[in-house]
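In what follows, a single structure is set out as structure tokens and then discussed.
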Amino acid sequence: MTATLELLELRRRVASELTTAGSGPQVKAGVQSMAELPLPLNQKYLSIDAAAIVRGNTVGDGRAQVMERMGRLVKALNVLEKYGLNLHNLARPRYWRSVKHNNPIFKAQVDSMQGGRGILYLYGYTVQQVDGLVFPDDVLQPDRDKVAAVTLEVTCLRLELEMLIKGNHPNPDFLKTSSHWSFQRSSSRGTRRWRPPPLTDVNRSTALPPKPISPAPPTPPQPPLPAPVQNPPPPPHWNPPSSLDFDQSPYTTPPSSPPTSPPPTSPQPTSPPPPPPPGPPP
């Protein structure tokens, strides 16, 4: 049986054992066998981009620093493995639908790892909120088959890195070649640097899927500002200058007042003439 066929058989059997057992220790032997298969990472891991994850989290100066960062990656994968086991277990935790950003373990382990949120995305945490990642409202329970496939690969990669750190990996060249590790000489300091190349855009699309962010609500159009009201200028009001104004400047002439016509007079009623005085009696 070829290594590829053996991997498919192991994956099927271990996934079935995980569904039956519901926890990690019962399937550890099967996952260990998967980790020891002599296959490149791109053939062994079908759900996660293991090579891109290893490259993006093991950049350092010298072998010691690279191994130290690889140890951090192992811890992050261990946390992600527990997330997957909790989701796959029928007796899931009470708050399984969300992963909060302010959780200390998430901040220190998972969120500091390149590709950590991508694995949570594969588990089903596809909705990005302000305070964390959540399952969509219409999803009533996780997809146990998909969660099992991702969890097995996360566990397998963790075991491979642990064996590489301890120096007992049966096929270390496959891991190093698939991750494109290489020693590079720094021209500025003359030291050797063990630096894998950065994640390419193709690898990032698999290892770091875009975070689904709700679009911002459209900004309502602002009503136009009303035009400023121009108050009509007050009518000119002329006050006749006083004599003091004229006396203050000997070079000004007081304006002549327009002639005024006398007001019309109404006719006065005429009284009848007095009667003549009476004459002498006849």
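The values are calculated or read from the model by the stated rules, or taken from the named source; none is laboratory data. All values derive from a computational prediction rather than experimental measurement. Positions of Cβ are backbone-derived with ideal geometry, glycine not excepted, and every protein chain shown enters the neighbour counts. Remember, those area values only see protein heavy atoms, side chains included, never the ligands or the DNA or RNA. Shrake-Rupley method; radii C 1.70, N 1.55, O 1.52, S 1.80 Å.
Residues in the range 55-65 that are open to solvent by less than 40 Å² (accessible area, probe 1.4 Å) and either within 21 Å of residue 148 (Cα to Cα) or not aliphatic (A, V, I, L, M) (or both): 55, 56, 57, 58, 60, 62.
Among the residues here, residue 175 does not qualify as crowded, with 21+ Cβ neighbours inside 10 Å and modelled with pLDDT of 85 or more.
Going by the structure shown, is residue 73 touching a residue at least 12 places away in the same chain (Cβ under 8 Å) and farther than 25 Å from residue 4 by Cβ? So residue 73 fits the description; yes. For residue 42, state whether it is surrounded by 14 or more Cβ atoms within 10 Å (Cβ to Cβ), out of contact with any Cys (no Cβ under 6 Å at 6 or more places or on another chain) and closer than 20 Å to residue 150 by Cβ. No.
Going by the structure shown, is residue 17 among the acidic types (Asp, Glu), assigned to a helix (DSSP H, G or I) and surrounded by fewer than 14 Cβ atoms within 10 Å (Cβ to Cβ)? Working first, answer last.
Numbers: among the acidic types (Asp, Glu): yes; assigned to a helix (DSSP H, G or I): yes; surrounded by fewer than 14 Cβ atoms within 10 Å (Cβ to Cβ): no.
It is false that residue 17 is among the acidic types (Asp, Glu), assigned to a helix (DSSP H, G or I) and surrounded by fewer than 14 Cβ atoms within 10 Å (Cβ to Cβ).
For residue 127, state whether it is of a type in the set (Val, Ile, Thr), touching a residue at least 12 places away in the same chain (Cβ under 8 Å) and surrounded by fewer than 16 Cβ atoms within 10 Å (Cβ to Cβ). Step through it out loud before you land on a result.
Numbers: of a type in the set (Val, Ile, Thr): yes; touching a residue at least 12 places away in the same chain (Cβ under 8 Å): yes; surrounded by fewer than 16 Cβ atoms within 10 Å (Cβ to Cβ): no.
Criteria not met by residue 127.
The condition of being out of contact with any helix residue (DSSP H, G or I) (no Cβ under 8 Å at 6 or more places or on another chain) and open to solvent by 30 Å² or more (accessible area, probe 1.4 Å) holds for residue 104.
Put simply, of 206, 151, 219 the only residue that is polar (S, T, N, Q), more than 25 Å from residue 63 (Cβ to Cβ) and modelled with pLDDT of 90 or more is 151.
Quickly run through the range 66-101 and pick out the residues that are in a helix (DSSP H, G or I) and open to solvent by 60 Å² or more (accessible area, probe 1.4 Å).
Here is the first cut: in the range 66-101, the residues in a helix (DSSP H, G or I) are 66-88.
Selection gives 68, 69, 72, 75, 82, 86.
Every listed requirement among (1) crowded, with 19+ Cβ neighbours inside 10 Å; (2) more than 16 Å from the chain's Cα centre (by Cα); (3) closer than 24 Å to residue 39 by Cβ is met by residue 118 save one, (2). Residue 133 falls short on exactly one of the conditions (1) open to solvent by less than 50 Å² (accessible area, probe 1.4 Å); (2) over 28 Å from residue 36 (Cα atoms); (3) part of a loop (DSSP other than H, G, I, E, B), and that condition is (3).
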